[in-house]
Amino acid sequence: MADLEAFRSDLQRFLAQNAPDAVRGLVVTAEGDGNWGGRRATYDPPEMKKWLEVMAARGFTAPSWPKEYGGGGLSPEETKVLRQELAAQKLPPPLIGFGLEMIGPTLLRYGTEAQKRQHIPPIVRGEIRWCQGYSEPDSGSDLASLKTRAERRGDHFVVNGTKVWTSYGDLSDWIFALVRTNPNAKKQEGITFLLIDMASPGVSVRPIKLISGKSPFCETRFDDVRVPVGNVLGEIDGGWSVAKALLGFERNMIADTFGTVGSARSEKRGSRLANLARDHGLGAGDALSDAVVRDEIARCEMDERAFALTVQRSRDAARAGHQPGPESSIFKLYGTELNKRRTELSVRIAGPQGLGWEGPGFDDDELLLTRHWLRARGNSIEGGTSEVQLNIIAKRVLGLPD
Amino acid sequence: MQQLVLSEDQELLAKTAADFVASRSPVARVRALRDASDPLGFSRALWKEMAELGWVGIPFPESYGGAGMGFAELAVVLEALGRTLAPEPFLSCVVLAGQALLRAGSEAQQRAWLPRLVSGDALLAFASQERESRYDLQRVATSARRQGDGFALSGEKIAVQDGAGADAYVVAARTSGAVADAAGISLFLVPAATPGLRCERQWRVDSRNAAILHLEGARVPQDALIGREGEGLATLEAVVDLAIAALCAEMLGSMSEAFARTLHYLKNRLQFGVPIGSFQALKHRAAQMFVEIELCRSAVMGAVRALDAGDADARKLVSVAKARCSETAMLVAHEAVQMHGGIGMTDEHEIGFFLKRARVAELTFGDAAWHRARWARLCGY
């Protein structure tokens, strides 16, 4: 404990001396906000670049990763202290993205020594931005039916096919993709996990517009793209288990995103939904004038609180050394359904002012309500639909028969 | 924030309680008590055993023979008892009446009653609800008028949990003010043998002990007053919050067991040549129930720990737990009957007992809608 307090005071000194004032108090308001790094990174404000550099130099962008690959080498307790101190000093994360959250942990588990040395340090320093190539136009929930082919030609694979929903494909430098290397094997057994440099000839990216408008999603095509055999992560034809491990990391990331919504801290700012109702003619005094809306707001907030407690329970159990319990399987399902309910309720509370698409008569927050409602429809589709999550719970947790 | 994980001691307590319930307290016991129209509705002998195991004394100080532990520990035991619908009077005796005495009673009152309560020898019940009050604790019409050096209590209390056979009652009565005023409510300790007090057993759908307390000028001395005259509402609210959390722990156990039994049925009941649990129409509903129960567990753990720590938002967490547990208990119990099919409708099968208890628990101390309204009030909207 004494060591931990020494670490905390060192850290406080380090942050006080090195964090640029311009990055303090930055809040994430839109999808894609924050520093994602990469070759095409833009820094807003410009001081964000310095913030990334000073943190990456000590491995604090990836605090729990091993020092030998540039990580911070911190214990879980020290990592928690770092998170607390960043929050206390209102400092944003110096770097976010799929490198840190998805491919990095997967590389650390499955990568060869050479792969770790090649890929982990640039992730820690924010030099390379990664995207995910899983889904295909004909392979959504049935991911294992994917058809993108990788044919072996000596020390290279030649890749042909189309990946869809590659978030930020247009801004990324590398893609981790599932490709079919053996068309004759059972569908899960002919898949390989491949790391592909998007600067390779034959890679093309097209952005996708959603019902909510502009989106980070892209379609990424591979036309005779040559990829060295050394870029296989795990075994050739053994990519399915790597893919599933990465999905586990992805669900943790989603739980982190949604699990903080209903925490006690986020409630101290007062009820945002109740304030929205007051701003839209549903009551001037304490109690809202519409009892049904009041009930729906309470239901939403209370469910968010129960969900935040469930996320906390899972973390506390993990810290106490228990195996991940069944509660973790519900994060993706419940977190996304909650977000859908909140955004849906917000539009109904705003009433006619919740209908704006763009232009006059609506303020910025009102316009966002519409977009968020539409965008949230996708929460229970992307990363495994709610129906697939229910199948997983029924089979893996409850042991119901096929 | 407290850790939402069981300590080693709590794990041990949970195991002891689960073993006890498995060997000593099957659901068949509840059926037998019901079929015999047992006036007490629970077993005094088993209550004494539970006291000897130390469970009755969990939330009482060692000076009164208790364990000096908290509601996080009590919740672990109540969850285990809830699994087989054990009807022993924890809520009424240990939580409502016992905690009212512990929090607001005089030392003389505590010394007279708590050691005997903790040892399982004395039974106390709590009478606050009235026909018109619904879940509103502040709405008290029963009057306590000064008479000589004491008070005379008149009115009618309903749904007095474990009221039949109790040795004494903690009664909420109005010493001043109008029927819905916050001020003017006082708590009294009234022995069952008091002239003018009559207890009438009620038969509700779960067959547990509930009673009407008729008070017709029941005379009590000045020292029957618990706490200060006219200031009883705070104590009333505090102990009912504790009772809600305790009830939620029981509900968590009952819904978990009803779900486990349903899951077992889904895996073993064959129709069309296959287990009915292989049908996606049932799988998804089972998975939904599982999710809701997991959220209930988190809410209950959060609520009891917040109460033990005296957190500022403990009341809000209590409402989260009760709203959730009320809806989920009913969801699971209704689905359990549906998924059991025809056999689930028979009195011979035990699943119906879970449905009946769930209904009573749901409509005790406020249902889900009532607790959502309370949450909104506590949040200032």
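The values are calculated or read from the model by the stated rules, or taken from the named source; none is laboratory data. Nothing here was measured: the structure is a model prediction, and the numbers come from that model. Cβ coordinates were reconstructed from backbone atoms using ideal geometry, including for glycine residues, and neighbour counts include every protein chain displayed.
Does A:R125 fit the bill of being within 19 Å of the chain's Cα centre (by Cα) and of a type in the set (K, R)? The answer is yes for A:R125. If you go through region B:50-86 and keep only what is surrounded by fewer than 17 Cβ atoms within 10 Å (Cβ to Cβ) and assigned to a helix (DSSP H, G or I), you end up with B:E52, B:E62, B:S63.
A quick yes/no check of all residues on (1) among the small types (G, A, S); (2) buried (at least 17 other Cβ atoms within 10 Å of the Cβ):
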site: A:V158; (1), (2): no, no
site: A:W165; (1), (2): no, yes
site: A:W174; (1), (2): no, yes
site: A:A177; (1), (2): yes, yes
site: A:K186; (1), (2): no, no
site: A:I196; (1), (2): no, yes
site: A:L210; (1), (2): no, no
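Identify, please: which residue in region A:40-61 is in a loop (DSSP other than H, G, I, E, B) and at pLDDT 95 or above and is, among those, nearest to the chain's Cα centre (by Cα)? Within region A:40-61, the match that is nearest to the chain's Cα centre (by Cα) is A:T61.
Residues in region A:336-353 that are more than 14 Å from every other protein chain (Cβ to nearest Cβ), among the aliphatic types (A, V, I, L, M) and in contact (Cβ under 8 Å) with a residue 40 or more places away in the chain: A:A350 only.
Region B:131-179 holds strands (runs of 3 or more DSSP E) entirely within its bounds, and those carrying 2 or more residues that are over 18 Å from B:E237 (Cα atoms) and not charged (D, E, K, R) map to B:143-147, B:150-161.
Checked against the criterion of being within 14 Å of chain B (Cβ to nearest Cβ), crowded, with 20+ Cβ neighbours inside 10 Å and in contact (Cβ under 8 Å) with a residue 60 or more places away in the chain, the candidates A:L390, A:L333, A:L400 yield just one match: A:L333. For region A:196-236, filtered to residues that are β-branched (V, I, T) and not in a loop (DSSP other than H, G, I, E, B), the residue that is farthest from A:C131 (Cα to Cα) is A:V229. Scanning region B:255-278 for residues that are at the interface with chain A (Cβ under 9 Å from one of its Cβ atoms) and of a type outside the set (S, T, Y) yields a count of 6.
Just one of the listed residues (B:L295, B:L282) is at the interface with chain A (Cβ under 9 Å from one of its Cβ atoms), in contact with a helix residue (DSSP H, G or I) (Cβ under 7 Å, 6 or more places away or on another chain) and under 23 Å from B:E73 (Cα atoms), namely B:L295. Residue by residue through region B:8-39, note down the ones that are surrounded by 19 or more Cβ atoms within 10 Å (Cβ to Cβ) and either closer than 18 Å to B:L124 by Cβ or touching a Ser or Thr at 6+ places or on another chain (Cβ under 6 Å) (or both). Hits for region B:8-39 are B:V21, B:S25. The single condition among (1) within 24 Å of B:Q202 (Cβ to Cβ); (2) away from chain A (no Cβ under 14 Å); (3) buried (at least 18 other Cβ atoms within 10 Å of the Cβ) that B:S326 does not satisfy is (2). Applying a threshold of 8 Å to beta carbon distances and a minimum spacing of six or more residues, or different chains, the list of pairs starting in region B:1-25 at a residue that is at positive phi and at the interface with chain A (Cβ under 10 Å from one of its Cβ atoms) and ending at one that is in a loop (DSSP other than H, G, I, E, B) and modelled with pLDDT under 95 is empty.
Quick check on A:G378: is it more than 9 Å from every other protein chain (Cβ to nearest Cβ), under 16 Å from B:E294 (Cβ atoms) and in a helix (DSSP H, G or I)?
Details: more than 9 Å from every other protein chain (Cβ to nearest Cβ): yes; under 16 Å from B:E294 (Cβ atoms): no; in a helix (DSSP H, G or I): yes.
So A:G378 fails the test.
How many residues does region B:94-129 contain that are aromatic (F, W, Y) and assigned to a helix (DSSP H, G or I)?
Start the filter on region B:94-129 by keeping residues that are aromatic (F, W, Y), which leaves B:113, B:126.
From what's left, assigned to a helix (DSSP H, G or I): B:113.
Residues in region B:94-129 being aromatic (F, W, Y) and assigned to a helix (DSSP H, G or I): 1 in total.
Which count do you get for residues in region A:296-318 that are at the interface with another protein chain (Cβ under 8 Å from one of its Cβ atoms) and either closer than 25 Å to B:R315 by Cβ or among the charged types (D, E, K, R) (or both)? Of the residues in that region, 14 qualify. The set of residues in region A:83-103 that are aliphatic (A, V, I, L, M), within 20 Å of the chain's Cα centre (by Cα), farther than 19 Å from A:S172 by Cβ and outside any loop (DSSP other than H, G, I, E, B) comprises A:L86, A:A87. Only one of the numbered conditions (1) more than 7 Å from chain B (Cβ to nearest Cβ); (2) buried (at least 21 other Cβ atoms within 10 Å of the Cβ); (3) among the polar types (S, T, N, Q) is not met by A:Q323, and that is (2). Taken as a whole, the structure leaves B:G380 outside the set of residues that are within 14 Å of chain A (Cβ to nearest Cβ) and within 21 Å of B:D162 (Cβ to Cβ). Report yes if B:L355 is of a type in the set (A, V, I, L, M), more than 8 Å from chain A (Cβ to nearest Cβ) and either under 19 Å from the mean Cα position of the chain (by Cα) or part of a helix (DSSP H, G or I) (or both), otherwise no. Yes: the conditions hold for B:L355. Looking only at residues in region A:354-367 that are touching a residue at least 12 places away in the same chain (Cβ under 8 Å) and outside any loop (DSSP other than H, G, I, E, B), the one that is farthest from A:E344 (Cα to Cα) is A:E366. Within region B:276-291, residues that are basic (K, R) have Cβ atoms under 6 Å from residues that are outside any helix (DSSP H, G or I) and buried (at least 22 other Cβ atoms within 10 Å of the Cβ) in these pairs: B:K283/A:L400, counting only partners at least 6 apart in sequence or on another chain. Pairs are defined by a Cβ separation below 8 Å, a sequence spacing of at least 6 or placement on different chains, a first member in region B:338-353 that is within 14 Å of B:H264 (Cα to Cα) and at pLDDT below 95, and a second member that is of a type in the set (G, A, S) and part of a helix (DSSP H, G or I); no pair meets this definition.
I need a count of the residues in region A:283-303 that are part of a loop (DSSP other than H, G, I, E, B) and within 14 Å of A:L345 (Cα to Cα). Walk me through it before giving the result.
Keep residues of region A:283-303 that are part of a loop (DSSP other than H, G, I, E, B), which gives A:283-290.
Those left that are additionally within 14 Å of A:L345 (Cα to Cα): A:290.
Summing the residues that are part of a loop (DSSP other than H, G, I, E, B) and within 14 Å of A:L345 (Cα to Cα) in region A:283-303 gives 1.
Residue-level check: of (1) surrounded by 16 or more Cβ atoms within 10 Å (Cβ to Cβ); (2) within 22 Å of the chain's Cα centre (by Cα), A:E301 misses just (2).
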